[in-house]
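Notes to accompany the following structure.
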Amino acid sequence: MGCNGGTTPGDGTPVEFTKYASNPVIPQAPVGSAAHWKSDPFVMKDDGVYKMWFGYNADGAKTQIGYATSIDGIDWTIRQLPALPLGTDGEWDDEDVETPFVVKADGTYHMYYCARGEPEGSDWSPKATYRVGHATSPDGLAWAKDPNNPVLDLGGPGDWDELVTAEPSVVYNDGTFELFYVGGYIEGEEGSEIFVLELGLATSTDGSSWTRYAGSPVIASAADNVYAPFVLHNGSNYELWYTGGPKADPYFPEGPFWYYTSSDGRNWTKADQAALDKGPAGDWDSDGIFGPTVVIDGEREKMWYSGYFLDYGEGDIDFAIGYATRDYYEG
């Protein structure tokens with residue numbers, strides 16, 4: 001099961017990933033189970049073990065973050081449900097916690113995630129929208145939430161991120177944390193409003209107190225919104241994958257995954273074609289893909305991602321996690 005290939009502008013470097021033939025590697029669980037839906041994976045290779053944190057829930061239930069491990073990146077064992085629980089009633093993150101991203105800095109694990117305290121449709125009150133949280137751990141298993149949460153709150157009135165700060169992706173480089181995140185605002189007249197999602201940047205020296213980059217958004221929304229970005233630094237340059245999706249439907253992006261490179265994390269160059277696209281009709285990811293996470297492992301870049309299939313016969317949406325690879329070309 002392939003996808004549309006592409007090249008980075010001008011240099012002929014392939015950006016195409018090839019899907020694993022036996023996807024999904026983490027299927028959805030039976031209806032009614034606590035981890036019926038699984039999505040938004042983050043994967044790191046740590047001490048020779050692939051470690052995955054992911055969002056999970058049952059139909060209609062609140063989303064939490066789980067944890068799984070693998071030796072080969074294909075066969076996974078779920079270890080914790082939840083790894084990071086909801087906040088207690090009344091806290092800012094008592095409704096959903098999701099889109100985890102973990103970075104290991106000077107021996108400490110830092111998890112960044114987005115969360116909210118009320119269901120959607122609550123008139124854009126601060127608790128009803130997603131904001132970025134932070135937790136730390138000495139071992140990646142026992143997590144302590146940051147007392148400063150949410151560590152990246154909403155922007156001010158009229159700002160490009162006044163309605164949401166979400167889907168964090170963090171690079172730790174030379175003592176500085178760089179947080180890439182999705183911010184959102186409404187444009188258009190009443191009755192024809194469009195929810196716009198763009199990519200911003202903030203920096204920190206401690207992983208908790210953040211300064212927004214004045215040049216944000218670093219990637220502005222054009223025809224597509226920016227969903228579920230993943231950024232890594234490969235030792236020379238930054239690489240970015242994000243999910244494209246129409247502005248008209250902010251909740252179910254279809255893909256594809258667009259690929260960008262940058263020398264500084266501020267100025268980005270887009271590849272001329274997609275890195276991965278949704279599957280053909282009838283496949284487990286035929287209705288959409290989102291939430292890529294990538295590990296550079298030797299001469300391969302390995303990607304895990306969310307896919308979904310609208311099962312009209314069962315009246316359900318099937319969410320699962322897939323796997324894809326490509327040869328590694330240093331961007």
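Table for the structure above
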quantity	calculated
Output for region 289-308, where each listed residue is surrounded by fewer than 22 Cβ atoms within 10 Å (Cβ to Cβ) and within 15 Å of the chain's Cα centre (by Cα)	295
Residues (assigned to a loop (DSSP other than H, G, I, E, B) and in contact (Cβ under 8 Å) with a residue 60 or more places away in the chain) located in region 221-236	234, 235, 236
In region 27-63, the residues that are more than 16 Å from the chain's Cα centre (by Cα), within 18 Å of residue 304 (Cβ to Cβ) and either among the β-branched types (Val, Ile, Thr) or in a loop (DSSP other than H, G, I, E, B) (or both)	27, 28, 29, 35, 48, 49
Hits in region 224-252 (condition: surrounded by fewer than 15 Cβ atoms within 10 Å (Cβ to Cβ) and touching a Lys or Arg at 6+ places or on another chain (Cβ under 8 Å))	none
Test: residue in region 200-218 that is outside any loop (DSSP other than H, G, I, E, B), modelled with pLDDT of 95 or more and of a type in the set (Asp, Glu)	no
Members of region 150-178 that are touching a His at 6+ places or on another chain (Cβ under 6 Å) and polar (S, T, N, Q)	173
Hits in region 74-100 - residues which are farther than 17 Å from residue 116 by Cβ and either buried (at least 20 other Cβ atoms within 10 Å of the Cβ) or of a type in the set (Lys, Arg) (or both)	76, 79, 83
Only listed residue being hydroxyl-bearing (Ser, Thr, Tyr) and either at pLDDT below 95 or touching a Phe, Trp or Tyr at 6+ places or on another chain (Cβ under 6 Å) (or both), chosen from 69, 88	88
Verdict on residue 300 being within 22 Å of residue 74 (Cβ to Cβ) and of a type in the set (Lys, Arg)	yes
Given (1) free of Cβ contacts under 8 Å to residues at least 60 places away in the same chain; (2) in a loop (DSSP other than H, G, I, E, B), number of the condition residue 242 does not satisfy	(2)
Residue count, region 300-331 (criterion: in a strand (DSSP E or B) and either modelled with pLDDT of 80 or more or among the β-branched types (Val, Ile, Thr) (or both))	22
Which numbered condition residue 235 misses (of (1) more than 25 Å from residue 54 (Cβ to Cβ); (2) modelled with pLDDT of 95 or more)	(2)
Test set (1) farther than 30 Å from residue 61 by Cα; (2) within 20 Å of the chain's Cα centre (by Cα); (3) not in a strand (DSSP E or B) - residue 171 fails condition number	(3)
Residue within region 268-277 that is under 20 Å from residue 43 (Cβ atoms), surrounded by 15 or more Cβ atoms within 10 Å (Cβ to Cβ) and touching a strand residue (DSSP E or B) at 6+ places or on another chain (Cβ under 7 Å) present	yes
Hits in region 151-168 - residues which are on the phi < 0 side of the Ramachandran plot and not in a loop (DSSP other than H, G, I, E, B)	152, 164, 165, 166, 168
Filter result for residue 56 (at pLDDT 95 or above, crowded, with 16+ Cβ neighbours inside 10 Å and hydroxyl-bearing (Ser, Thr, Tyr))	no
Entirely in region 64-150, the strands (runs of 3 or more DSSP E) that have 2 or more residues that are at positive phi	none
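The values are calculated or read from the model by the stated rules, or taken from the named source; none is laboratory data. Because the structure is predicted, anything quoted here is derived from the model rather than measured. Counting neighbours? That spans all protein chains shown, and the Cβs are built from the backbone with ideal geometry, glycine included.
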